[in-house]
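Since the structure comes first, as structure tokens, the remarks are kept for the end.
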Amino acid sequence: MMDLVLEAWVSSLIELNKLKWVLGSGQAWKPGTKLKLLFAGYNGTRNTGSDVRVEEMLRQVRRILGAESLSLSVMSQNFELTRGYFGDAKQVYLPDVYPPFLNSEVAKNDGVVACEGSMFKSKFADALTTMMIGALGIAAARNKLSVAFGAEAGQMNTLLQKMVKRYCRESLVITRNVESQAVLAELGVPTELGTDTAWTFEPHHPEFGRKALLDAGWDGSTPVLAVCPINPYWWPVKASLEKWVAHSVAGAYAKSYYRTIYFHRSGAEVDTAYEKYCSQLAAGVAKYRKSRLAFPIVVGMEMLDLDACQRVSEKLGGVPIFASDRYDMYEIVSILRSCHRMLSSRYHAIVTTMSAGVPSAGVTMDERIRNLMRDRGHEQLLMRVDELELEDKIVAALRALDSQTDAIRDAMGRTVVRNLQLMARMGMYLEEQVARHYPEFPVRSGVLGWEDYIPQLSPGLRKLVEHHGEVLVHQ
């Protein structure tokens, strides 16, 4: 019920902004002033993937449009958890009840760049998708720049589909796979093919990760196996006044409480499936270790993963946990890149370590890791969270990481270079959109190569580009 209220509220605000624009309310960007862009996303919860994506978007946009010509803002739900992130971008507080905030904040800017990866889906939270639609829709209603960067689209409820069809048709959605393009095409939303933006992220120096592992008991030579678990079954998060009252008065729904009026999916079926997933994940790693020497660690890419990390760690005898409640994105990725193998249910754990050559297998709850493994040509390294005989399939996948290391690394390198070029293409689309909306904005001139449209390449990425040559991006 509350999600319906949010959807209706946001829809009414978009319609109101359409009327205001027709009546001449609001100001357009003026030549000689800085272009003000609001980056709308899910930051401030120590979700490493979300934070890394936005960090690299900001770096890319500054490179393309010129930092001196921009005034950038980023949403954050907790300034303490995004301290030291996003360079000189202004961080603005995103409240849980967000429609009034969207209405006022979008109006202050010349455009919106929507950042969330799982942007148009009911899988995680209808409220999050509604917020993305609202940010893009209000910007478009005011004839401002309205671009979604590296988005995915999947199953949505009927009302959300109608909102996307009505309010995002004047936006440009750059997706990170062709499957999302197909979903949005049916809704009449203009799209271009892009990718995720985490490919250019550089963490702390490798010595940070190595020292963290040594401090946790690693001997410095045994291969380190990183396991990145989640709770795949407590989504979507939904708003519920009834549960909130019961929780506030009697402490009910404590296990499924997220925050304010939001609650995770819960019940005996969820608990059983979750426990089975954690048990099989741990059992697969334990069985693999009977024939292979390995130092396992458990990594929580988001604070919400901490319970899953603790469960898996306990089942493995209390192995070290590195979670984002204690480590920031520069530290977590440095630790992951210091590992030798990875088994992950987190998409960005895989993405941020591929350029460092960490062979990885995926245990997925949705299409993100599946699409990535397909792009790599590594379907044999992919499993579902509800897979029959998951334990044995994990063992087979981990052994494949050992026996096929060089081939896997080569395929990963090619995939990284291809995605760097797709990321550059996204930058070109953004530049075109800015020039179309604001013809007098000073865009660059002269002959530019694809690398001019992404953040400056690190030495490691430069080496990959030189090694793999010109990887052709699929047209």
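The values are calculated or read from the model by the stated rules, or taken from the named source; none is laboratory data. Quantities reported herein were computed from a predicted structural model and do not represent experimental measurements. Positions of Cβ are generated from backbone atoms using ideal geometry, with glycine treated the same way; all protein chains shown enter the neighbour counts. These area figures cover heavy atoms from the full protein model, side chains too; ligands, DNA and RNA do not enter into them. Shrake-Rupley method; radii C 1.70, N 1.55, O 1.52, S 1.80 Å.
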What number of residues within region 348-374 satisfy the criterion of being open to solvent by 20 Å² or more (accessible area, probe 1.4 Å), farther than 24 Å from residue 235 by Cβ and not polar (S, T, N, Q)? 1
Anything in region 442-459 that is touching a residue at least 12 places away in the same chain (Cβ under 8 Å), farther than 30 Å from residue 361 by Cβ and surrounded by fewer than 18 Cβ atoms within 10 Å (Cβ to Cβ)? List them, or say none. 442, 443, 444, 450, 451, 452, 456
What number of residues within region 63-83 satisfy the criterion of being under 13 Å from residue 197 (Cβ atoms) and open to solvent by 50 Å² or more (accessible area, probe 1.4 Å)? 1
Residues satisfying the stated conditions in region 279-303, i.e. part of a helix (DSSP H, G or I), among the hydrophobic types (A, V, I, L, M, F, W, C) and surrounded by fewer than 21 Cβ atoms within 10 Å (Cβ to Cβ): 283, 286, 303
Is region 50-69 home to any residue that is in contact with a Pro (Cβ under 9 Å, 6 or more places away or on another chain) and among the small types (Gly, Ala, Ser)? yes
Looking only at region 375-415, count every residue that is open to solvent by 10 Å² or more (accessible area, probe 1.4 Å), among the polar types (S, T, N, Q) and part of a helix (DSSP H, G or I) and tell me the total. 3
Subset of region 359-404 [among the β-branched types (Val, Ile, Thr) and in contact (Cβ under 8 Å) with a residue 24 or more places away in the chain]: 363, 369, 385, 394, 395
Would you tally the residues in region 143-170 being crowded, with 24+ Cβ neighbours inside 10 Å and assigned to a loop (DSSP other than H, G, I, E, B)? 3
From the list 16, 37, 23, which one is over 14 Å from residue 102 (Cβ atoms) and surrounded by fewer than 17 Cβ atoms within 10 Å (Cβ to Cβ)? 23
Across region 241-267, what is the number of residues that are touching a strand residue (DSSP E or B) at 6+ places or on another chain (Cβ under 6 Å) and part of a helix (DSSP H, G or I)? 2
Of the residues in region 306-347, how many are open to solvent by 20 Å² or more (accessible area, probe 1.4 Å) and assigned to a strand (DSSP E or B)? 2
Residues being surrounded by fewer than 14 Cβ atoms within 10 Å (Cβ to Cβ) and modelled with pLDDT under 90: count how many of those fall in region 1-13. 3
Set 192, 179: member being part of a strand (DSSP E or B) and not hydroxyl-bearing (Ser, Thr, Tyr): 192
Counting just the residues of region 42-98 that are among the aromatic types (Phe, Trp, Tyr) and under 20 Å from residue 134 (Cα atoms), which one comes out modelled with the highest pLDDT? 93
For region 236-278, which residues satisfy the criterion of being in contact (Cβ under 8 Å) with a residue 60 or more places away in the chain, aliphatic (A, V, I, L, M) and exposed (fewer than 13 other Cβ atoms within 10 Å of the Cβ)? 241
Within region 89-108, take every residue that is closer than 16 Å to residue 58 by Cβ and in contact with a helix residue (DSSP H, G or I) (Cβ under 8 Å, 6 or more places away or on another chain) and give me the one that is surrounded by the most Cβ atoms within 10 Å (Cβ to Cβ). 89
Just to be sure before I move on: is residue 86 of a type in the set (Phe, Trp, Tyr), open to solvent by less than 20 Å² (accessible area, probe 1.4 Å) and either in contact (Cβ under 8 Å) with a residue 12 or more places away in the chain or on the phi < 0 side of the Ramachandran plot (or both) in the structure I sent? yes
A careful count of residues in region 416-434 that are touching a residue at least 40 places away in the same chain (Cβ under 8 Å), farther than 19 Å from residue 178 by Cβ and open to solvent by 10 Å² or more (accessible area, probe 1.4 Å) gives 2
Taking region 443-462 and keeping only residues that are of a type in the set (Val, Ile, Thr) and under 24 Å from the mean Cα position of the chain (by Cα), one is left with 454
Output for Cβ contacts, cut-off 8 Å, separation at least six or different chains, first residue in contact (Cβ under 8 Å) with a residue 24 or more places away in the chain in region 95-108, second part of a helix (DSSP H, G or I) and open to solvent by 40 Å² or more (accessible area, probe 1.4 Å), reads 99/9; 103/16
Scope region 18-46; condition in a loop (DSSP other than H, G, I, E, B), among the small types (Gly, Ala, Ser) and either under 19 Å from residue 196 (Cα atoms) or in contact (Cβ under 8 Å) with a residue 24 or more places away in the chain (or both); matching residues: 26, 28, 41, 44
